[in-house]
Amino acid sequence: MEFFELVKKRQSVRSYKPDAVSREDIMKILDAANFAPSGQNQQQWEFIVATGKTKEKLGESYGKIGEAYASQWDEPAKSDFINYARTYGGAPVVLVVTVVASKNPSTRKMHLESGCAAMQNIMLAARDLGLGTCWMIGPLNDEAALREILNVGDDREIVAVTPLGYPTAWPPMRERLDPDLTRKVHWLD
Ligand SMILES: Cc1cc2nc3c(=O)[nH]c(=O)nc-3n(C[C@H](O)[C@H](O)[C@H](O)COP(=O)(O)O)c2cc1C
């Protein structure tokens with residue numbers, strides 16, 4: 001897909017078909033992530049590809065978070081959200097980006113931003129292959145559970161999580177808050 005079209009066609013997908021994603025496509029997506037820019041060219045990211053039982057455990061954890069988060073919501077929004085959380089929208093794969101951890105705030109920022117660049121490449125590469133994603137940090141609300149399920153030690157930081165799969169439908173593109181960029185762009189001479 002042409003780049004500017006691709007950027008505009010990436011939407012957060014929260015409902016997926018159960019169809020498997022090929023290992024080849026997953027590796028293509030992670031190869032794109034591996035070509036992101038990184039602070040000091042440390043390429044400090046690693047990727048976890050969670051399927052099967054691991055994905056189920058991730059769903060159990062996020063489901064509990066979802067129950068608390070949506071406890072005051074009306075139906076059917078409440079059940080829909082909890083179901084989305086429990087199943088990651090029915091996606092067959094969950095990808096997790098981790099980076100090197102640091103206690104130094106500016107180094108930590110550098111590592112996290114590198115991870116975010118990798119994450120964005122994942123989403124764009126997936127979209128180009130007809131696959132949906134949704135950048136998620138909600139699952140980090142129980143970070144201890146996430147670390148245990150994914151076997152991530154203190155030497156690494158979890159950046160974000162995304163389901164990966166074929167969407168049941170592509171959601172409509174979200175309106176831009178400032179489509180003409182009159183308030184978002186500041187030219188300084
Ligand atoms: C840093 C970050 C965290 C996010 N966390 C979540 C999340 O926990 N759960 C979720 O369903 N979506 C999450 N999103 C997706 C946003 O809700 C979504 O990007 C936004 O509503 C705009 O929609 P679009 O991605 O379709 O353009 C997150 C996005 C970003 C960039």
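Bear in mind these aren't lab numbers, they're just calculated from the coordinates by the rules spelled out. Since the structure is predicted, the reported quantities are computational estimates derived from the model, not experimental observations. Every residue, glycine among them, receives a Cβ derived from its backbone with ideal geometry; neighbour counts consider all protein chains shown.
A few comments on the model shown:
- Residue-averaged [θ]222 nm for the chain, counting only DSSP H segments that reach four residues, each worth -39500 (n - 2.57): -13500 deg cm²/dmol
- For K17, the aspartates and glutamates whose Cα falls under 17 Å of its own Cα, not counting residues fewer than eight places away in the same chain, are D25, E56, D80.
- Sorting the segments 34-44, 120-130 by their mean number of nearby beta carbons within 10 angstrom, highest to lowest, gives 120-130, 34-44.
- For K109, a cut-off of 17 angstrom between C-alpha atoms picks up these aspartates and glutamates, skipping any fewer than 8 places away in its own chain: E46, D154, D155, E157.
- Semi-axes of the equivalent ellipsoid for the range 1-147, Cα gyration tensor, largest first, Å: 26, 21, 14
- Theoretical FRET efficiency, 1/(1+(r/R0)^6), r = Cβ-Cβ of D154 and Q40, R0 22 Å, to 0.05: 0.55
- Cα gyration tensor category, rounded, prolate or oblate, for the range 60-141 with a/c compared to 1.5: oblate
- Relative contact order (%) - the range 93-189, alpha-carbon pairs under 8 angstrom, separation at least six: 39 percent
- Net charge contributed by nearby residues that have their C-beta within less than 15 Å of I149 (K/R +1, D/E -1): +2
- Anchor K78: lysines whose Cα lies under 16 Å away (excluding residues fewer than 8 positions away in-chain): K64
- Packing-based ranking, highest mean first, of 14-26, 48-60, 168-180 given that Cβ atoms within 10 Å are counted: 48-60, 14-26, 168-180
- Estimated dipole of the chain in Debye, rounded to 20 [Cβ of Lys and Arg +1, of Asp and Glu -1, Cα centre]: 20 debye
- Over the range 19-65, the fraction of Cα-Cα pairs per 10 Å bin, rounded to whole percents and listed from the shortest bin up, is 21, 35, 32, 11.
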